[in-house]
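*Asks:* Dropping the structure in here first, questions after.
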Amino acid sequence: MRAILSVSNKTGVVDFARGLCELGVELYSTGGTKKAIADAGVEVHSISDLTGFPEILDGRVKTLHPSVHGGILARRDLPDHLSALEEAGIATIDIVVVNLYPFVQTAMKQGVTLEEAIENIDIGGPTMIRSAAKNYDSVTVVVDPEDYGWVLQQLRESKLDAASRMRLAQKAYQHTASYDTAISRYLSEDLFPGHMTLALEKAYDLRYGENPRQHACFYTMQDVKAIDKGLGALTLLSGPEISFNNLLDFDSGVNTLAGFTMPTVAVLKHTNPCGLASRESLTEAYTLALSGDPVAAFGGVVVSNKPIDLTTAEEISKTHYDAVLAPDFSSDALALLSQKKSLRIVTVPIPEIEEAALEFRNVRGGFLVQTRDCIAADELSPKQVSKRQPTPGEMDDLLFAWRAVKAIKSNAIALVKDSVLLGMGAGQPSRVEAVAIALKKAGDKARGAALASDAFFPFADGPELALEAGIRAIIEPGGSVRDDEVIEVVDRYEAALVFTGMRHFKH
């Protein structure tokens, strides 16, 4: 038997090579892989010994040769194939161990040039992998170091059958597909190309999906153009394993806090922020966020855009939560929160600038793809349409409310005062009902507050209900055929109204 070994990830390759050698397999290898194997005292030959031809073009051509691909692709059940090999003096190759140059890691390095990225595109490796996978009935192809152990054991026991080789072949094709996807994504200049593939890597299994009867796991997207790894950079420091619903809440929490620079805390329930506050003191931001809806907060998720210190952790520990998410935790804060065995303590980066990335949503038969809903700069200078101009304090609250309402399911209403979310109405089929729910949550605190609506008011009934309760300023996109009626009722209450010209539906 003969094997070719040429790997970028050299984890375990020396032990695997030694095991193959002990089974009498003749080893051929290239470059750094050959050196690593030879340095360990394992007998290995150069690919040039197999091909009778030296590497050329700075290593671009070394395995692209009939002695390699003929030996891999020949069908052992066809006498004509075997005769052709014998006539050409080519020996069969039975095992191909290859994984590819780290194109994704190289392309994502700071300052990498196009020329450097192109030079890290592997040609011979994918070709050998595909050849071996096509002929899996006779050839064993291994692309993942995790498979070395069981493959070697089955070879020792002569149990490596066609079914096992087919599983390895499927994995091999996925390896090259992901690799080609990364390259295609790197070279693409089209936001929505005519054809698109996604490269996903399984991060871990989840206990179940949204409900116990549903199976689930978490995949991370391998995107060379992504600035932010998102939940792929998540680390569980303490507590039970992370659930499907946790990840949905974590994603919503990161999206809610992205763009906030002051210490800000959100409390989420079923992906909606039921509490949100900004303050110079993180502890105060947390306590004010909790005050937005302390009943709904029970069993929810706390998300902070700043590292959590002991004082804040002490306040958090007074309420039962499912998880606490932050960029980091002080050692004493972690020690305190870790005492709650049912509490998940998680670190993940919270970006101060929203990345305009693509978002994918699965629907029956396909995917919806869109750019992420980010707040544009001109939305932060909304147009005054009422007679009264918002005060500076009101404008601060309007902009805070505008950031908050973007994170709430439509139809969405957010009530804010002094950079604290007082109440919100989420996911209502009627906008006036969303206003009523938000006002009920805020109670007497609604008097003098600012209101944000994620889309325009189709009628004046919603604003009038809010103004009767004491709302003094409103921010909304505008654009309704009844905008004049809305403006008229706002002016009648001597309140302030500004239009952003941009809606933020979230379905």
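*Asks:* Name the shape class, rounded, prolate or oblate, that the alpha-carbon gyration tensor gives for the stretch 322-394, where a ≥ b ≥ c are the square roots of its eigenvalues, rounded holds for a/c under 1.5, and otherwise prolate holds if a/b is larger than b/c and oblate otherwise.
*Replies:* Oblate.
*Asks:* Related question: I need the peptides 485-496, 257-268, 279-290, 115-126 ranked by packing, meaning the mean over residues of other C-beta atoms within 10 angstrom, with the highest value on top.
*Replies:* 257-268, 279-290, 485-496, 115-126
*Asks:* Another question about this same structure. Please compute the Kirkwood hydrodynamic radius over the stretch 2-187, one decimal place, Å, based on all pairs of different Cα atoms.
*Replies:* After inverting the mean inverse Cα-Cα distance, the result is 17.0 Å.
*Asks:* Over its Cα atoms, what ratio of radius of gyration to 2.2 N^0.38 Å does the stretch 57-137 give?
*Replies:* 1.39
*Asks:* Which order results if 337, 343, 198 are arranged by neighbouring Cβ count within 10 Å, fewest first?
*Replies:* Starting with the residue having the fewest Cβ neighbours, the order is 198, 343, 337.
*Asks:* Show which lysines lie in cross-link reach of residue 159 when reach means a straight Cα distance below 20 angstrom and same-chain residues fewer than eight apart are skipped.
*Replies:* Hits, sequence-local ones excluded: 171.
*Asks:* Here is a further query. Under the classification rounded if a/c is under 1.5, otherwise prolate if a/b is larger than b/c and oblate if not, where does the stretch 376-499 fall, given a ≥ b ≥ c as square roots of the Cα gyration tensor eigenvalues?
*Replies:* Verdict is rounded for the stretch 376-499.
*Asks:* Determine the calculated [θ] at 222 nm for the chain from helices alone, applying -39500 (n - 2.57) to every DSSP H run no shorter than 4 residues and normalising by the residue count; nearest 500 deg cm²/dmol.
*Replies:* So the helix-based figure for the chain works out to -10500 deg cm²/dmol.
*Asks:* On a C-alpha basis, how far is the centre of the stretch 68-116 from the centre of the stretch 481-502 in Å? Whole number, if you could?
*Replies:* The two parts, judged by their Cα centres, are 68 Å apart.
*Asks:* Turning to a different aspect of this structure: Please work out the C-alpha center-to-center distance from the stretch 355-401 to the stretch 288-306 and express it in whole Å.
*Replies:* If we compute the Cα centre of each part, the gap is 23 Å.
*Asks:* Please list 153-165, 427-439, 348-360 highest first by mean number of surrounding beta-carbon atoms within 10 Å per residue.
*Replies:* Result, highest mean first: 427-439, 348-360, 153-165.
*Asks:* With r as the distance between the Cβ atoms of residue 355 and residue 48 and R0 = 35 Å, compute the FRET efficiency 1/(1 + (r/R0)^6) and round to 0.05.
*Replies:* Taking R0 as 35 Å, the efficiency between residue 48 and residue 355 is 0.15.
*Asks:* Taking the Cβ of each residue in 395, 128, 424 as the centre, tally the other Cβ atoms inside 10 Å and list the residues starting with the fewest.
*Replies:* 395, 128, 424
*Asks:* While we're here: Normalised by the empirical 2.2 N^0.38 Å for globular proteins, what value does the Cα Rg of the stretch 251-408 take?
*Replies:* Normalised Rg, Cα atoms only: 1.14.
*Asks:* Determine, for each peptide in 83-96, 202-215, the mean count of other beta carbons within 10 angstrom over its residues, then list the peptides with the highest first.
*Replies:* For the peptides 83-96, 202-215, the packing ranking is 83-96, 202-215.
*Asks:* OK, next. Given the C-alpha atoms of the stretch 152-235, compute the convex hull and give its volume per residue in Å³.
*Replies:* 189
*Asks:* Listing 274, 374 from the residue with the fewest other Cβ atoms within 10 Å to the one with the most, what is the order?
*Replies:* The fewest-first ordering by Cβ neighbours comes to 374, 274.
Rule-based calculations on the coordinates, nothing more; no lab input. As the structure is a prediction and not an experimental result, all values here were calculated from the model. Glycine gets a Cβ as well: all are built from the backbone with ideal geometry, and neighbour counts include every protein chain shown.
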